[in-house]
Amino acid sequence: MLNTDQQQTVGVVGAGTMGRGIVQLFAAAGHRVHCVDAVPGAARDALDAVGAMFDTLVAKGRMDADAARLARGAMSAHDDLAGLADCTLVIEAIVEDLSVKRTVFGDLERIVPREAILATNTSSLMVSEIAAGCERPERVAGLHFFNPVPLMRVVEVIAGVRTAPDVVARLRTLVASTGHRAIAAADQPGFVVNHAGRGLYTEGLRILEEQVCTHVEIDRVLRLSAGFRMGPFELLDLTGLDVSGRVMEAIYEQFQQEPRFRPSSLVPPRIAAGLHGRKSGEGWYRYQDCEREDAGLPAPAFPDGVSVWIDPEAPDAERLCALAGSHAVGQAEADSVLIVQPWGVDATTAALERGLDAARTGAVDPLPRLDRHRTAMMTAATLPRYRDAAHAMLASGDAGVTMIADSPGFICQRVLAVVVNIAANIAQRGIATVDDLEDAVRLGLGYPDGPLGWGDAIGPARVLTILEGLQRVTGDPRYRPAPWLARRARLGLSLLSPEPARHD
Ligand code: NAI
């Protein structure tokens with residue numbers, strides 16, 4: 001329970017998807033909450049829905065009946081901003097339109113007490129631009145919640161350029177009082193979570209653009225081998241390609257056409273065709289007839305006469321030899337498939353750099369553990385009998401196999417290296433502290449690890465090698481390593497190590 005000093009009077013403007021969740025969160029935490037919507041009766045409806053949610057939680061034993069009664073009594077509905085006159089904090093969650101938000105903030109300034117904080121839940125507008133329309137921009141900040149608000153236990157607290165430090169501190173305390181984790185973020189495009197989440201989408205789309213494999217295979221490999229809860233195409237279908245497509249374009253433009261965020265030309269035709277995802281019944285997947293992923297083609301029989309040579313430098317040489325069984329040979333023979341495990345380059349580059357016969361070379365991704373899922377790719381010249389030998393050999397255990405076309409860094413290496421690199425750039429730019437960044441990604445994106453911790457697990461030097469390989473093979477500046485990452489990798493430091501102080 002909050003004591004009377006901690007209890008605040010919170011105003012929520014906008015009783016839609018986000019507003020309802022915010023009302024529920026603060027009321028359940030013991031604060032008084034006033035809810036306002038421009039549509040008459042909408043705030044009342046929202047409170048009824050929140051009350052019904054409390055009943056459900058009590059019935060499921062997830063909320064105390066007394067707490068639900070108190071929370072219900074602490075909520076009030078208004079059709080006019082004048083109802084917010086005694087608020088110490090007002091959170092705006094109305095339509096995502098700068099001029100409408102500025103008008104509401106101007107009206108609020110005339111209604112709320114002088115020391116009250118005004119916060120916006122905007123996800124794509126600049127907090128500083130909303131604040132610039134106010135007489136006292138120092139009390140304006142961003143408070144960015146995630147949907148569904150009560151379950152997504154992270155909130156970004158965004159300081160606009162003129163926001164006073166004590167406003168950020170007060171907001172962090174208030175967020176903590178709800179049990180959610182407050183993340184301090186700079187007023188930069190996508191703040192932290194939406195910025196850090198770019199890599200999975202952009203690289204997934206890039207892999208598809210290059211016809212490395214199908215979107216179903218990309219999703220499957222990233223789930224099974226890397227541990228993402230959902231692949232990029234499943235996620236795009238969930239959020240809606242129309243919404244995500246706009247975010248991709250906006251972040252690219254707001255970061256002055258930074259190549260790391262370059263949107264994919266695969267997206268606009270699909271939006272135009274109405275393939276928006278779950279909500280339209282069809283996106284990358286079809287939802288009406290429950291079509292789901294294909295299980296992949298069965299493995300071929302091991303071709304007669306072929307033997308298997310494993311590069312002794314391959315990180316999984318022993319495991320691969322065991323999989324090859326009686327087909328394994330210590331010295332490459334005239335009819336051997338040549339198996340390599342490169343970092344950051346394609347099978348073609350790996351074969352040429354090692355002086356191997358590209359027509360017989362196949363590559364197996366060393367990044368994911370081989371017992372979970374195996375990804376293999378051939379050079380542009382590999383003959384079918386050697387491809388079949390590699391496929392049959394990899395399929396001889398329990399794990400599934402995905403055969404992809406030649407790709408620098410397969411699927412997992414390039415996606416994970418890009419995710420880690422973007423996070424390193426967020427740290428470099430001071431958009432969030434390392435601790436806040438890691439928690440924001442774990443809680444806001446549901447990744448199995450924070451991105452810099454993930455980079456440490458792969459090995460900073462290895463991530464650097466992958467990025468350098470990607471840049472070398474593709475010539476694309478999107479893969480250039482962030483200085484934060486490159487320096488720590490070269491010095492043998494953890495990617496989580498903060499910048500040292502410049503003065504005592
Ligand atoms: P929504 O469309 O569900 O709800 C908006 C509500 O605001 C409606 O009830 C509408 O009647 C009301 N409204 C519009 N203009 C108003 C005004 N001038 N005064 C008072 N009420 C007004 O929208 P949603 O999804 O709840 O989004 C609200 C804000 O939160 C937007 O800025 C959005 O970008 C942001 N956001 C949305 C997320 C989401 O997943 N939906 C996630 C994070 C942020």
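A single entry from 419, 401 fulfils the requirement of being in contact (Cβ under 8 Å) with a residue 12 or more places away in the chain, open to solvent by less than 20 Å² (accessible area, probe 1.4 Å) and within 24 Å of residue 203 (Cβ to Cβ): 419. Just so you know, in the stretch 386-398 the residues that are open to solvent by 10 Å² or more (accessible area, probe 1.4 Å) and either hydrophobic (A, V, I, L, M, F, W, C) or over 23 Å from residue 328 (Cα atoms) (or both) include one that is modelled with the lowest pLDDT, and it is 395. Of the residues making up the stretch 79-107, those that are in contact (Cβ under 8 Å) with a residue 24 or more places away in the chain, within 35 Å of the chain's Cα centre (by Cα) and more than 8 Å from the ligand (Cβ to nearest atom) are 87, 88, 89, 90, 91, 98, 102, 105, 106. Can you name the number of the only condition in (1) out of contact with any helix residue (DSSP H, G or I) (no Cβ under 6 Å at 6 or more places or on another chain); (2) open to solvent by 10 Å² or more (accessible area, probe 1.4 Å); (3) within 15 Å of the ligand (Cβ to nearest atom) that residue 30 fails? For residue 30, the exception is condition (3).
Taking the conditions exactly as written (small (Gly, Ala, Ser), surrounded by 21 or more Cβ atoms within 10 Å (Cβ to Cβ), over 30 Å from residue 335 (Cβ atoms) and within 18 Å of the chain's Cα centre (by Cα)), does residue 455 satisfy them or not?
Values: small (Gly, Ala, Ser): yes; surrounded by 21 or more Cβ atoms within 10 Å (Cβ to Cβ): yes; over 30 Å from residue 335 (Cβ atoms): yes; within 18 Å of the chain's Cα centre (by Cα): yes.
Yes.
Table: residues versus (1) touching an Asp or Glu at 6+ places or on another chain (Cβ under 9 Å); (2) over 23 Å from residue 176 (Cα atoms); (3) assigned to a helix (DSSP H, G or I).
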residue	(1), (2), (3)
19	yes, no, yes
26	no, no, yes
40	yes, yes, no
71	no, no, yes
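Here the stretch 59-69 is the region considered, the condition is being open to solvent by less than 50 Å² (accessible area, probe 1.4 Å) and outside any loop (DSSP other than H, G, I, E, B), and the residue that is farthest from the ligand (Cβ to nearest atom) is 67. Within the stretch 133-143, is even one residue near the ligand (Cβ under 10 Å from one of its atoms), assigned to a loop (DSSP other than H, G, I, E, B) and more than 21 Å from residue 23 (Cα to Cα)? Looking through the stretch 133-143, none of the residues is near the ligand (Cβ under 10 Å from one of its atoms), assigned to a loop (DSSP other than H, G, I, E, B) and more than 21 Å from residue 23 (Cα to Cα).
Any residue that is without any contact (Cβ under 8 Å) to a residue 12 or more places away in the chain, more than 16 Å from the ligand (Cβ to nearest atom) and out of contact with any His (no Cβ under 8 Å at 6 or more places or on another chain) - is there at least one of those in the stretch 36-53? Yes: one or more hits.
Return yes when residue 37 is open to solvent by 40 Å² or more (accessible area, probe 1.4 Å) and of a type in the set (Asp, Glu) and no when it is not.
Values: open to solvent by 40 Å² or more (accessible area, probe 1.4 Å): no; of a type in the set (Asp, Glu): yes.
Spelling it out, it is not the case that residue 37 is open to solvent by 40 Å² or more (accessible area, probe 1.4 Å) and of a type in the set (Asp, Glu).
Filtering the stretch 6-19 to residues that are within 19 Å of residue 41 (Cβ to Cβ) and either of a type in the set (S, T, N, Q) or within 8 Å of the ligand (Cβ to nearest atom) (or both) leaves 13, 14, 15, 16, 17, 18, 19. Residue count for the stretch 114-124 under the criterion of being near the ligand (Cβ under 10 Å from one of its atoms) and buried (at least 17 other Cβ atoms within 10 Å of the Cβ): the result is 4.
Scanning the stretch 458-504 for residues that are under 27 Å from residue 257 (Cα atoms), open to solvent by 10 Å² or more (accessible area, probe 1.4 Å) and among the hydroxyl-bearing types (Ser, Thr, Tyr) yields a count of 2.
The values are calculated or read from the model by the stated rules, or taken from the named source; none is laboratory data. These numbers come from a predicted model, not from an experiment. When we count neighbours, we look across all protein chains shown, and the Cβ atoms used for this are built from the backbone with ideal geometry, even at glycine. Ligands, DNA and RNA are stripped out before the accessible areas are found, and what is left, the full protein with its side chains, is counted by its heavy atoms. Shrake-Rupley method; radii C 1.70, N 1.55, O 1.52, S 1.80 Å.
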